[in-house]
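One structure is given below, encoded as structure tokens.
The values are calculated or read from the model by the stated rules, or taken from the named source; none is laboratory data. All values reported here derive from a predicted model rather than from experimental measurement. No Cβ is skipped: glycine too gets one built from the backbone with ideal geometry, and neighbour counts run over all protein chains shown. We work out accessible area using only protein heavy atoms, side chains counted, and drop any ligands, DNA or RNA first. Shrake-Rupley method; radii C 1.70, N 1.55, O 1.52, S 1.80 Å.
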Amino acid sequence: MVFVSWETAKEFSGRTAFVTGASRGIGAATAVALARAGVTRVVIHYNSYREGAEATLEAIRAAGAETAAIQADLGEEAGIEACLAALAEVAPEVDLLINNAGSLVRRVSFAEYPSDLFDRVMRLNVKSAWRISQAIAPGMVARRSGVIVFVSSIAARNGGGPGATVYAAAKAAVSAMTKGLARELAPHGVRVNAISPGTVDNDFHRQFSTREMLDRVVAQTPLGRLATNEEMAEVVVFLCSNASRYVIGQTIEVNGGMYMV
Ligand SMILES: NC(=O)c1ccc[n+]([C@@H]2O[C@H](COP(=O)([O-])OP(=O)(O)OC[C@H]3O[C@@H](n4cnc5c(N)ncnc54)[C@H](OP(=O)(O)O)[C@@H]3O)[C@@H](O)[C@H]2O)c1
């Protein structure tokens, strides 16, 4: 349940959000949370999970917001360009951009890691977020208003689990991009921040991790459990809101206490 004050609802009224990777997980929870917080239009992106995207659309409508969906594989150059072309049609002005879509794609050891997988992981997690931001930011700058939130990962701090080094490096690039763009865009009234999820109990880890790996994470987590998608979404809503107006260039660790320094 997202706490929505009257002030927040007013502040988000008339705004358009674009959330990538919103067919499930953190992105779906974020898109719905933004709609419940009073954002007027929440445009979502998805890749392969159409039923999930439809469920998100329905939940956004139920929250009283307008919505539309864009399908694109952001791991491919053509998919990134198709996404940008569709977005220009569907929502030429975006006020709140959530660059959430991402994946480690496959766990592969260093010795065997294929060159094309390296490129795909970097395109999906880094380049697509960069290109989408590059397309949307000029409108924000012209209006002197806007928020961009990236989704990094705890992997950016710890180098990633087995076979996830390139994914971790991609997320470290996301955290660095957050700082660079924040510095560049702050004078123009655009705020840029990121969240860095710890381990979220969702499809991501059902796909890439074993029960034993997750149990080890729980044992090391001061809060003693994994996170929920909604716990990530609520921090994103905070970063989109005026309550965080003096927060710039930060990657907020949302990990149950895994890193305290
Ligand atoms: N789960 C965690 O513990 C965790 C921890 C740290 C960071 N993160 C990051 O959080 C973000 C959201 O992940 P999640 O946990 O919500 O994972 P998830 O449940 O697996 O959802 C991933 C989302 O990204 C989309 N996506 C995946 N590959 C794509 C591609 N090639 N092109 C376009 N979209 C693609 C998926 O679309 P379809 O389902 O439609 O294919 C889905 O909407 C990601 O950036 C992830 O790296 C997650």
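Some observations on this one:
- Annotation: for a label point projected 7 angstrom from Cα along Cα→Cβ of residue 66, residues of region 24-50 with backbone N closer than 14 Å are 39-44.
- For the chain, the solvent-accessible area of protein heavy atoms averages 47 Å² per residue (probe radius 1.4 Å; ligands and nucleic acids excluded).
- Here's the list of aspartates and glutamates a cross-link from residue 171 could span, going by alpha-carbon distance under 16 Å and ignoring same-chain residues fewer than 8 apart: 119, 253.
- DSSP loop trypsin sites (Lys or Arg not before Pro) with at most 13 other Cβ within 10 Å: longest gap in the chain: 1-143
- Of the accessible area of region 6-249, computed with a 1.4 Å probe over protein heavy atoms only, carbon and sulfur atoms account for 53 percent.
- Gyration tensor verdict on region 12-103 (Cα atoms; rounded if a/c is under 1.5, prolate if a/b is larger than b/c, oblate otherwise): oblate
- Among the chymotrypsin sites (Phe, Trp or Tyr not before Pro) in region 205-261, those placed in a DSSP loop whose Cβ has at most 16 other Cβ atoms within 10 Å are 246, 259.
- Only Cα pairs under 8 Å and 6+ residues apart enter the sum, and on that basis the relative contact order of the chain stands at 19 percent.
- Other residues within the sphere of radius under 14 Å centred on the Cβ of residue 34, judged by their own Cβ, net out at -1 (K and R +1, D and E -1).
- For the chain, the longest principal axis of the C-alpha atoms and the axis of helix 50-62 are separated by about 40°.
- Think of the chain as having a plus end and a minus end, set by charges on the Cβ of Lys, Arg, Asp and Glu; of 65, 105, 146, 146 sits farthest toward the positive end of this dipole.
- Sum of side-chain charges, residue 189 neighbourhood, beta-carbon under 15 Å (Lys, Arg +1; Asp, Glu -1): +2
- Kirkwood Rh and Cα Rg combined as Rg over Rh, evaluated for region 6-249: 0.95
- Shape of region 90-138, Cα gyration tensor, a/c cut at 1.5: prolate
- Using alpha-carbon coordinates, inclination of helix 25-36 to the longest axis of the chain, degrees: 20 degrees
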